[in-house]
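Worksheet for the structure shown next.
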Amino acid sequence: MHHVHDVRNAPKKGLPRLPRCFIPESLSYPRLDWLKYFQSLPLPQLHIHEMLRLWKAYTRFLEAHPFKAQAANTCLLMGLGDAICQQAIEKAGLKKHDVIRTVRQASFGLVIGGPLLFAWYRTLDKVIKGTGVIKALKSVAVDQMVMPPIFLTLFYSAIGLTSGLSPAEVVDKLKQNMKPTLITNYKIWPAAQVINFYFVPLQHRVLTANFVALFWNIYLSWMANKGRGSDKRETITPET
């Protein structure tokens, strides 16, 4: 005798969700179906062998030109973070997309952010002694004490000055944004960097950090620009 189940009343299966206690309140994004959004983008469909070929080509380029590759990674992902913020969060639309703002952030990644992180990770790897988990924890502790204040100060200053703010206005912006930005940083980056320093080879650490920073930038861009309307001089989207 076969039992017939009423599938209409069966519980629906979906993606597992993190318990609410693991999601800081300050990281509550506006309601957005990220999966549907990315599926709607006109991205090329790549097969597994094509992706592997691209990865091998990237690895060869990274080994031959590590500085150029990692500066380019930071440039691309910082620009992409701002572009996604404008389109997915702010709903600017292609016609109202602030291209200069995106180029400004991408340029910071190319000229300052990428080179700074490239040198920083190599310095940490040489200076911090030990192996395994102990070295990873030491690296994260030093990284989080030193790098976020430096990186954010450079970012807010560079973006502010290049977007038309006066030095005095940049100082005001630093006073206004540094504390809440650092608090949010310490809710996200220590755990991400433990994984980065322990599991990821040195040559891939900037790339790994940048993928985390892509979503970090989207969130910060939304937080920094919500309610500001067309005041583009105050468009600031940091990464750390």
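Here are the numbers for the structure shown:
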item: Qualifying positions in segment 157-168 - at negative phi and loosely packed, with under 15 Cβ neighbours inside 10 Å; result: Leu161, Thr162, Ser166, Pro167, Ala168
item: Within segment 208-240, considering residues that are at pLDDT 75 or above and over 15 Å from Phe151 (Cβ atoms), the one surrounded by the fewest Cβ atoms within 10 Å (Cβ to Cβ); result: Phe211
item: Selection status of Leu154, within 20 Å of the chain's Cα centre (by Cα), surrounded by fewer than 16 Cβ atoms within 10 Å (Cβ to Cβ) and under 18 Å from Gln105 (Cβ atoms); result: yes
item: Matching option when the condition is free of Cβ contacts under 8 Å to residues at least 12 places away in the same chain, assigned to a helix (DSSP H, G or I), of a type in the set (Lys, Arg) and surrounded by 16 or more Cβ atoms within 10 Å (Cβ to Cβ), among Lys175, Lys138; result: Lys138
item: Matching residues, segment 87-101, being over 16 Å from the mean Cα position of the chain (by Cα) and either β-branched (Val, Ile, Thr) or in a loop (DSSP other than H, G, I, E, B) (or both); result: Glu90, Lys91, Ala92, Gly93, Leu94, Lys95, Lys96, His97, Asp98, Val99, Ile100
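The values are calculated or read from the model by the stated rules, or taken from the named source; none is laboratory data. Keep in mind the model is a prediction, meaning the values are calculated, not measured. Backbone-built Cβ (ideal geometry, glycine too); neighbour counts: all protein chains shown.
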